[in-house]
Structures are given as C-alpha cells and as structure tokens.
Amino acid sequence: MWSPDQEVTPTVDIPLFFERYGWKFETVGPHTYRTGFRGNHDAFPVLVRVTQHWVVFTINPLLRGDNGMGATTLLTLAQSNHVSNFVKFGLDPEGDVFLTVELPVDGFTYVQFSDALRAISHTADQFSVSLLQAQAIDRAQSN
Amino acid sequence: MAANSDVIHDTLSTQLGRYFDEYGWQFEKNNDTLFRTGFVGDTGQYDIWIRTTEHWIYFMIHPFIDPVTHPAARVEVARTLLHANFTINMAKFAMDEAGEVSLSVELPIDGFSYSHFADALTAISHYADDHKQAFEDAAAIFDLNREVA
C-alpha cells in the first residue's frame, strides 16, 4: 500500500532489465544502480533505485542551482511539469533541479523499465536547453 | 486498432466502476474515459478527475488553488510547487501558463490494478490536504490585504 515512508527491499531484477535494454550500468548501493547517456546537448547520469513500493529513475542534478533559482527558471520548471508526461521536475533541498520517474514495484515490467528510461532521457535532453536559457536570463537580470 | 482501443477502455471503464465501489467512494462517469469523484479534507473540498488514454490513467485535481495572477506570487507558488515535488511520491504538482496549479498521479494502464487505484486516490487526497496551506500562503505572499493570523 502507498505510504509516505518507504523501506528498501529487493523485489525487481533491474540488472536483468539493463542487460536486455543494452545499457551499461554499475551497482552503487543496495538496490541502487547508475547508468547514463549522452544526449544532443549534454551527458546525464541516471540513478535507478528500487524501494519497497517504487522503482525510481532520477537525474540529479539536471541543473545546478548554485546561485539560487531566478523567476524565469522557476516558472519554466513549474510549467515543464504541466507539458511533460510520466516525469517530474522539482528542486531538492540543496536547490538543484532534479528530474524523476516513479513507477510502482507491483506489476513492474520490462516495458515500463524501457519506457521510463526513454522518457527520462528524452525529457532531460528536450528541456535542458530551455532550462539553461532560463537560467541565463535570470543571471542577466540579476546583474 | 480503434476497435481494440474501445475494448480496452470499455474494460477499464467497467473495472474503474468496481474499483470505486471497493474503495467506497462515490463517482460520476462522464464517459468511458472520464470519471469524477471527490472528497472533503481538513483543508477543503476537492474534485478529482480520472481520465484514461490508451496507455495511461491520470488522477488530477485541477485547479488545486485559485489561479495565481500576481507575477511575483506566481513565482513563489512555482518555488513551493518544485520543493513539494521533492517530498511527494507517486504524484506531482504542475503549473500551466495561466498560473493554474494541478496535482496529479499518472500511471501506466499496463499492469494497472486495484492496489494502484487505491494508492493513487489515497496519495492524491493526502497530498492535497497536506500541501494546500503552503500553496495558499505562497499565492498570498504579496496580497497586502491578507489578514495575518
């Protein structure tokens, strides 16, 4: 059942899915795996973590928030959530932008695994330029 | 393909009716792909729309708060929304170009079961209640006529 607090238990064979998908990966912790890809604009590491209830795909940071986030960047991110499917943009406690896909462990299939990897990589590549532009606008306005 | 899609939606539509009954919530069926339900929480009354497509099922509260028109308040709401997205599972907050905020859960139809349905409704109602005040505070931050508690 859904719960805000989740414990980690092994339930899904992520290494098997990676092998089938044809992407290299490394195990970086209990039920946590790192992979990555090079898009048209940048290279992105992707973490895949399995919890008791969820399989979570994350790119963090998608964009660093070293000097805080300006208005243009914040609005671009909030609206990116509206126009994108399957993925979620947010800010972590350090102020960095993350991009994530969360799917239930219950019923998790290879098709969902491949859909999630495709969605997070496509979205990261698609939005990274507009986010960098938004950040540049904010920097210019603050100077 | 269209016929297959119709069959999928018909089956899912029937399933959703059963799921609502099992969950114990009343609902209204607008058509085979659109349902409405709702609840009264600690912070107000919410309508939840459930929409199905060929591959996805969406649970959505929209608008989550009144449209935010003040440009600076809109930025504060965006900031609140993005931080909230870090703290919640399964759901996400979003803002459209008009400054309207939504709270939604998106799940694949493939493998969709009653436990997913129940989790989605539980999550969206929990998060709506849990985050409403923070969003209203952010939206009202530049409202000079706001009463201070």
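Cβ-Cβ under 9 Å, sequence separation 6+ or interchain: first residue in region B:103-131 and more than 9 Å from chain A (Cβ to nearest Cβ) and within 19 Å of B:G17 (Cβ to Cβ), partner part of a loop (DSSP other than H, G, I, E, B) and among the hydroxyl-bearing types (S, T, Y). Which pairs? Partner pairs satisfying both residue conditions: B:I109/B:T53. If you check B:A134, B:A120, B:A128 for being in contact with a helix residue (DSSP H, G or I) (Cβ under 6 Å, 6 or more places away or on another chain), part of a helix (DSSP H, G or I) and of a type in the set (G, A, S), only one passes: B:A134.
Filtering region A:7-50 to residues that are under 20 Å from A:F89 (Cα atoms) and hydroxyl-bearing (S, T, Y) leaves only A:T35. The set of residues in region A:81-91 being facing chain B (nearest Cβ under 8 Å) and over 12 Å from the mean Cα position of the chain (by Cα) consists of A:N81, A:H82, A:N85.
Would you check if B:A78 is more than 7 Å from chain A (Cβ to nearest Cβ), touching a helix residue (DSSP H, G or I) at 6+ places or on another chain (Cβ under 6 Å) and crowded, with 23+ Cβ neighbours inside 10 Å? Against the criterion (more than 7 Å from chain A (Cβ to nearest Cβ), touching a helix residue (DSSP H, G or I) at 6+ places or on another chain (Cβ under 6 Å) and crowded, with 23+ Cβ neighbours inside 10 Å), B:A78 does not qualify.
What number of residues within region B:86-102 are part of a loop (DSSP other than H, G, I, E, B), of a type outside the set (S, T, N, Q) and at the interface with chain A (Cβ under 7 Å from one of its Cβ atoms)?
Step one: of region B:86-102, the residues part of a loop (DSSP other than H, G, I, E, B) are B:88-90, B:96-100.
Of the ones still in play, those that are also of a type outside the set (S, T, N, Q) are B:88, B:90, B:96-100.
Imposing the further condition that a residue be at the interface with chain A (Cβ under 7 Å from one of its Cβ atoms) reduces the set to B:90, B:96-97.
The number of residues fulfilling the criteria is 3.
Results for (1) assigned to a helix (DSSP H, G or I); (2) within 14 Å of chain B (Cβ to nearest Cβ), shown as yes or no for each residue.
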{"position": "A:R20", "(1), (2)": "yes, no"}
{"position": "A:L47", "(1), (2)": "no, no"}
{"position": "A:F57", "(1), (2)": "no, yes"}
{"position": "A:T72", "(1), (2)": "yes, yes"}
{"position": "A:T76", "(1), (2)": "yes, yes"}
{"position": "A:Q79", "(1), (2)": "yes, yes"}
{"position": "A:G95", "(1), (2)": "no, yes"}
{"position": "A:G107", "(1), (2)": "no, yes"}
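Condition first: in a helix (DSSP H, G or I) and of a type in the set (A, V, I, L, M). Now tell me which residues in region B:26-85 satisfy that. Passing the criteria: B:A72, B:A73, B:V75, B:V77, B:A78, B:L81, B:L82, B:A84.
Read-outs throughout are calculated quantities, based only on the coordinates presented, and are distinct from any laboratory measurement. On a predicted model such as this, the values are computed, not experimentally measured, just so you know. When we count neighbours, we look across all protein chains shown, and the Cβ atoms used for this are built from the backbone with ideal geometry, even at glycine.
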